[in-house]
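Participant: Sharing a structure here in structure tokens format.
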Amino acid sequence: MDTALDLARDLIGQRGTARSRELEATGVARSQLSRLVASGDLIRITRGLYALPGREPASDEALVIVARRAPQAIFCLLTALRFHGLTTQAPFEIWLGIGHKDRAPHLDWPPLRVVRFSGTSLVAGVETREVDDVPIRVTGVARTVADCFKFRNKIGVDVAMEALREVRRSKQASMDDLWHFAQVCRVAKVMRPYLEALS
């Protein structure tokens, strides 16, 4: 019969990290988890998330941790800009979009900044990507730029303009895509002069 450590090693070895409920489902009791952490056989990354000691951190470990704990959340705004390589800023918070009535996730680490979406903006332009074999939901390039204009009071209009200029320079999104998401996010009037200036 496998020991708790063997069961935990097998699961975490396949996934890189494992949640406590996933470990419990394989036969590792919570009391055993505590003992494995105390003995140094496992490390607790954040509440309810475990890994093996000496592991290589994920390239975007904060994104992976949040995606494991809140799989329905959408990485957006500054976090999405960083993900798509559209900004030089390195936000210390992870920006998440959730449904208007959804409960915000609570994590020990990393710090979160939550914005709320409703209707079509909850699904339009949201892509599923993989970071270190963990699926994450992130707003696409054109949608991210439109969101930056929508939430310009939170992140600053200069950040939104920088993102728009960088998208046009790198040709990661067409003018048609930018205009489409400007309408979806209801910021067409705000974005129009900036789009016209760049066309």
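Participant: How would region 37-113 be classified by its alpha-carbon gyration tensor: rounded, prolate or oblate, with rounded meaning a/c under 1.5 and the a/b versus b/c comparison settling the rest?
Facilitator: Judged from the Cα gyration tensor, region 37-113 comes out oblate (a/c at least 1.5, b/c at or above a/b).
Participant: Go through Leu164, Val134, Phe149 and say which Cα lies farthest out towards the positive end of the charge dipole of the chain; charges sit on Cβ, +1 for Lys and Arg, -1 for Asp and Glu.
Facilitator: Most positive-ward Cα: Phe149.
Participant: While we're on this one: Starting from region 91-199, pick out the trypsin sites (Lys or Arg not before Pro) whose DSSP state is loop and whose Cβ has at most 10 other Cβ atoms within 10 Å. List each step's numbers first, then the result.
Facilitator: Working: sites: Lys101, Arg103, Arg113, Arg116, Arg129, Arg137, Arg143, Lys150, Arg152, Lys154, Arg165, Arg168, Arg169, Lys171, Arg186, Lys189; in loops: Lys101, Arg103, Lys171, Arg186.
Sparse-neighbourhood loop trypsin sites (Lys or Arg not before Pro): Lys101, Arg103, Lys171.
Participant: Tell me which chymotrypsin sites (Phe, Trp or Tyr not before Pro) from region 79-108 have a DSSP coil assignment and no more than 14 other beta carbons within 10 Å of their own. Kindly include the intermediate steps, with their values, before the conclusion.
Facilitator: Details: sites: Phe83, Phe92, Trp95; in loops: Phe92.
Loop-located and lightly packed - Phe92.
Participant: Taking only C-alpha pairs under 8 Å that are 6+ residues apart, what is the relative contact order of region 4-51 in percent? Kindly include the intermediate steps, with their values, before the conclusion.
Facilitator: Working: 46 pairs, mean separation 20.2, N = 48.
Normalised by residue count, the contact order of region 4-51 is 42 percent.
Participant: Among [x] 19.7, 69; [y] 19.1, 66; [z] 22.7, 71, only one was calculated for this model; which label is it, if the read-out is Rg and Dmax of the Cα atoms in Å?
Facilitator: [x]
Participant: With point charges of +1 on the Cβ of Lys and Arg and -1 on the Cβ of Asp and Glu, referenced to the Cα centre of the chain, which listed residue (Ala4, Thr120, Val37) lies farthest in the positive direction of the dipole?
Facilitator: Highest projection toward the positive end goes to Thr120.
Participant: For labels at Arg9 and Arg116 in the simple 7 Å Cα→Cβ model, what's the distance in nm?
Facilitator: My value for the distance between the label points is 4.8 nm.
Participant: On a 0 to 90 degree scale, rounded to 10, what angle separates helix 188-198 from the longest Cα axis of the chain?
Facilitator: Approximately 70 degrees, to the nearest 10.
Participant: Here's another thing I want to ask about it. With charges set only on the Cβ (+1 for Lys and Arg, -1 for Asp and Glu), what does the dipole of region 61-198 come to about its Cα centre, in debye to the nearest 20?
Facilitator: 500 debye
Participant: Compute the FRET efficiency between Asp41 and Lys154 as 1/(1 + (r/R0)^6), taking r as their Cβ-Cβ distance and R0 = 30 Å, and round to the nearest 0.05.
Facilitator: About 0.10, to the nearest 0.05.
Participant: Next question, about the same structure. Determine the percent antiparallel among the DSSP beta bridges restricted to the chain, to the nearest 5.
Facilitator: That works out to approximately 65 percent antiparallel.
Participant: Kindly state, to the nearest 0.05, the FRET efficiency for Ala188 paired with Glu24, given R0 = 41 Å and r defined as their beta-carbon distance.
Facilitator: So the FRET efficiency works out to roughly 0.25.
Participant: What number, rounded to the nearest 500 deg cm²/dmol, is the helix-based mean residue ellipticity at 222 nm of the chain, given -39500 (n - 2.57) per DSSP H run of at least four residues and division by all its residues?
Facilitator: Helix contribution divided over all residues of the chain: -13000 deg cm²/dmol.
Participant: So how much slack lies between Ser34 and Arg165, counting 0.36 nm per residue of separation and subtracting their Cα-Cα distance, in nm?
Facilitator: That pair, Ser34 and Arg165, stretches by 42.2 nm at full extension.
Throughout, read-outs are computed from the coordinates displayed, never taken from laboratory work. A quick note: this is a predicted structure, and the numbers were derived from the prediction, not measured. Positions of Cβ are backbone-derived with ideal geometry, glycine not excepted, and every protein chain shown enters the neighbour counts.
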